[in-house]
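Mind having a look at this structure? Questions to follow.
The values are calculated or read from the model by the stated rules, or taken from the named source; none is laboratory data. Keep in mind the model is a prediction, meaning the values are calculated, not measured. As a convention, Cβ positions derive from the backbone with ideal geometry for all residues, glycine included, and neighbour counts pool all protein chains shown. We work out accessible area using only protein heavy atoms, side chains counted, and drop any ligands, DNA or RNA first. Shrake-Rupley method; radii C 1.70, N 1.55, O 1.52, S 1.80 Å.
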Amino acid sequence: MANVAIIGTQWGDEGKGKVVDLYAQDADVIARFQGGNNAGHTLVVKGQQTILHLVPSGILHDWKICIIGNGVVVDPKVLIEEIEKLKSRGVLPPNTRLFVSDIAHVIMPYHRRIDVARESHGMGKKIGTTGRGIGPAYEDKIARVGIRICDLLDEEVFREKLNQNIDEKNFYLTRLFQEEPLDKEAIYREYRTYADRIRPYVADTSIIMNDEIRKGKKILFEGAQGSHLDIDHGTFPYVTSSNTVAGNAACGTGVGPSAVTAVVGICKAYTTRVGEGPFVTELTCEIGDSIREVGQEYGATTGRKRRCGWLDMVLVRQSVRLSGITGIALTKLDVLTGLEKLKICVGYKTPQGEFTESLPSNPRLLAQCQPIYEEMDGWTEDITKATHIEELPQNTRRYIERLEVLAGVKLVLVSVGAGREETIILKNPFDG
Ligand code: IMP
C-alpha cells in the first residue's frame, strides 16, 4: 500500500486542488506539510465555490483525518475563518477530524506588516509575495524566536514571547520603514481569543500520523506551491520560504522519509507564474492572454493576473529529479483546445550559446536563457467528455505522449475540465 505525496512541478497553481480532492477519496489522512495561507485551492462543493487557503482540501470528504502539519505556518485568524465557513456550509461535518500541529509556527501581525512593507518600500528586491507574512514567519522560525501554536495556547509563554518579539519588530517597522508601531496589548488580547478557538483542533500531529501509518491507513501528503518556488531548489530569490519538494512531506509532518512511497507531480499543460522572477517560456502576446482567459489564470489568494507561457519541460524534468516523482498528473489540457500550434520547450540556449537541459542556478544567466521549442499541431475538438486516452484527438495524444517521453515518467491522470468527472484516470497511485 502506498502513501502518496502530491507536489507541483512548476511555479504553483498547477491545479493541485482538484487532484488532491480526487485522491482524497482513496486516502484516510490528508496532511499539509509546508506553506501557509499563501496557497489557495478553489473547490466547487454542493454548487458553491469554496476557496481554502490553509485547511487541506480533503476536509470536504467525510471520515477523513485532515492534518495541518508542523511545517505549515498558521495564521490563526485565517484558520478560524475557514473553519467557520466550512461549518456554515455544512461541509465540516462533526465526523471530519481536523488537527493542527502544536509545533507549527504562528503568523503574527508583525509578519504581515513586515512582508508588505518590504515589498512596497522599494528597498531590496521585490519578490511579488502574497503579503501574508509567510516569509517573515519562517524567518522567525529559523532565527528561533518564532511563536508556535503550543506557545500561543500557554498564556504565560505567549506573553513572554510576544514581549521578546514586539520591541524588535516595532523598531524595524518604525525606524526602517517609518511605519506606525504595533500595539502589543491589542495583539495579546486578539491572539488570546484565537488560542481558545483553535484549542480543540490542536494536537501532536506527528503521533497521529505515525499511529495511522502503523494501522496501515493511506496518507496523502498535500504540497502547496511548486518545485520551482522551493527555498533551496527554486528560482531563488523569487521563491517562497519553505521547501516545496516531496522530501519535505516527511519533515513537515513528523514522519520518517520511508513513509512517503509514491510521489505524484502535478503538471499543467502549459506554464504559469505569479510574482516576479525568470520565466523562459513566458508569452507576452495574445496567445498568453488567451490562455489566461480560457484557463482563468488569476490567483486564488491575491486575485493577481498569472503570467502564462508554453509548457517548459526543463522545469518539469528538474522537478522529477528533485522530488523522485513516480507519476505525473497532467491538468488543464482542455485550455489548449483551439490553439493552432503548440510549443513544448525541450531545453534552453544559454547566453554562451550552449544547450542545457537544466536550469542554471545563476538568476542572471537564467533570465538570459532562450527556449528551444518543438512545435506541434493543436486540436479543435472538445476534449472535456473524454474518459479514456483513446477518445482524445490524435494531436492531443501526440502532445501528451511527447510530454511523457520528455518527463521520463508515466502519466497517472489527465484532467480535461474543472469538474471531478472530467478526468482520465490511468493509474491509482495508492495501488503502489
Ligand atoms: P510568499 O510565499 O507569499 O512569500 O511569496 C513568494 C513567491 O511565491 C511569490 O512569487 C508568490 O507569488 C509565490 N507564491 C506563493 N504561494 C503561491 C501559490 O500558491 N501559487 C503560486 N505562487 C505562489
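Tell me, please, whether a residue that is under 10 Å from the mean Cα position of the chain (by Cα) and either within 27 Å of R307 (Cα to Cα) or of a type outside the set (D, E) (or both) can be found in the range 49-57. Steps first, answer last, please.
Here is the first cut: in the range 49-57, the ones under 10 Å from the mean Cα position of the chain (by Cα) are 53.
Now restrict to residues that are either within 27 Å of R307 (Cα to Cα) or of a type outside the set (D, E) (or both): 53.
Within the range 49-57, one or more residues are under 10 Å from the mean Cα position of the chain (by Cα) and either within 27 Å of R307 (Cα to Cα) or of a type outside the set (D, E) (or both).
Looking at the range 224-235, which of its residues are in contact with a helix residue (DSSP H, G or I) (Cβ under 7 Å, 6 or more places away or on another chain) and in a loop (DSSP other than H, G, I, E, B)?
First pass over the range 224-235, keeping only residues in contact with a helix residue (DSSP H, G or I) (Cβ under 7 Å, 6 or more places away or on another chain): 227-228, 233-235.
Within the range 224-235, H233, G234, T235 meet the criteria.
Among the residues of the range 283-309, how many are open to solvent by 10 Å² or more (accessible area, probe 1.4 Å), more than 30 Å from D75 (Cβ to Cβ) and not in a helix (DSSP H, G or I)? First the steps, then the outcome.
Going through the range 283-309, the residues open to solvent by 10 Å² or more (accessible area, probe 1.4 Å) turn out to be 283-287, 289-290, 292-294, 296, 298-307.
In the following step, the residues that additionally are more than 30 Å from D75 (Cβ to Cβ) were identified as 283-287, 289-290, 293-294.
Filter again for not in a helix (DSSP H, G or I), leaving 283-285.
Residues that pass the stated criteria total 3.
Could you check the range 317-357 and list, in sequence order, the residues that are over 23 Å from Q394 (Cβ atoms), assigned to a helix (DSSP H, G or I) and either among the small types (G, A, S) or out of contact with any Asp or Glu (no Cβ under 8 Å at 6 or more places or on another chain) (or both)?
In the first step, residues of the range 317-357 are kept if they are over 23 Å from Q394 (Cβ atoms); the result is 317-327, 347-357.
Imposing the further condition that a residue be assigned to a helix (DSSP H, G or I) reduces the set to 317-323.
Matches in the range 317-357: Q318, S319, V320, R321, S323.
State all residues of the range 220-234 that are within 10 Å of the ligand (Cβ to nearest atom) and open to solvent by 10 Å² or more (accessible area, probe 1.4 Å); if no residue qualifies, say none.
Hits for the range 220-234 are Q225, L229, I231, G234.
Within the bounds of the range 240-252, is there any residue that is open to solvent by less than 30 Å² (accessible area, probe 1.4 Å), within 15 Å of the ligand (Cβ to nearest atom) and either farther than 24 Å from P76 by Cα or acidic (D, E) (or both)?
Yes, there is a match, as at least one residue in the range 240-252 is open to solvent by less than 30 Å² (accessible area, probe 1.4 Å), within 15 Å of the ligand (Cβ to nearest atom) and either farther than 24 Å from P76 by Cα or acidic (D, E) (or both).
When you check G12 against the structure, is it within 16 Å of the ligand (Cβ to nearest atom), in the same structural domain as V260 (by TED's automatic domain parsing) and open to solvent by less than 10 Å² (accessible area, probe 1.4 Å), yes or no?
On the way: within 16 Å of the ligand (Cβ to nearest atom): yes; in the same structural domain as V260 (by TED's automatic domain parsing): yes; open to solvent by less than 10 Å² (accessible area, probe 1.4 Å): yes.
Here the answer is yes, as G12 does meet what is asked.
For residues that are among the acidic types (D, E) and within 16 Å of the ligand (Cβ to nearest atom), scanning just the range 253-289, find the one that is farthest from W310 (Cα to Cα). Talk me through it step by step, then tell me what you get.
Taking the range 253-289 first, the residues among the acidic types (D, E) are 276, 282, 286, 289.
Remaining after also requiring within 16 Å of the ligand (Cβ to nearest atom): 276, 282.
Values: E276: 17, E282: 7 Å.
Of everything passing the filter in the range 253-289, E276 is farthest from W310 (Cα to Cα).
In addition: Could you please find all residues in the range 290-304 being within 16 Å of the ligand (Cβ to nearest atom), among the charged types (D, E, K, R) and modelled with pLDDT of 95 or more?
R292, E297
Tally time: how many residues in the range 348-368 are in contact with a helix residue (DSSP H, G or I) (Cβ under 9 Å, 6 or more places away or on another chain) and not hydroxyl-bearing (S, T, Y)? Show your work before the answer.
Taking the range 348-368 and keeping what is in contact with a helix residue (DSSP H, G or I) (Cβ under 9 Å, 6 or more places away or on another chain), we get 348, 350-352, 356-360.
Then keep just the ones that are not hydroxyl-bearing (S, T, Y); that gives 351-352, 357, 359-360.
Total satisfying the criteria: 5.
Another question, if that's okay. Can you tell me which residue is farthest from G133 (Cα to Cα) among those in the range 42-92 that are part of a strand (DSSP E or B) and of a type in the set (S, T, N, Q)? I'd like the intermediate steps shown before the answer.
Applying the first criterion (part of a strand (DSSP E or B)) to the range 42-92 yields 42-45, 48-52, 65-68, 72-74.
Subset that is of a type in the set (S, T, N, Q): 42, 48-50.
On the way: T42: 21, Q48: 29, Q49: 25, T50: 23 Å.
Filtering first and then ranking leaves Q48.
Six or more apart or on different chains, Cβ atoms under 6 Å: show the pairs whose first residue is in the range 107-121 and farther than 12 Å from G135 by Cα and whose second is more than 11 Å from the ligand (Cβ to nearest atom) and outside any helix (DSSP H, G or I).
Pairs found: P109/L182; A117/E179.
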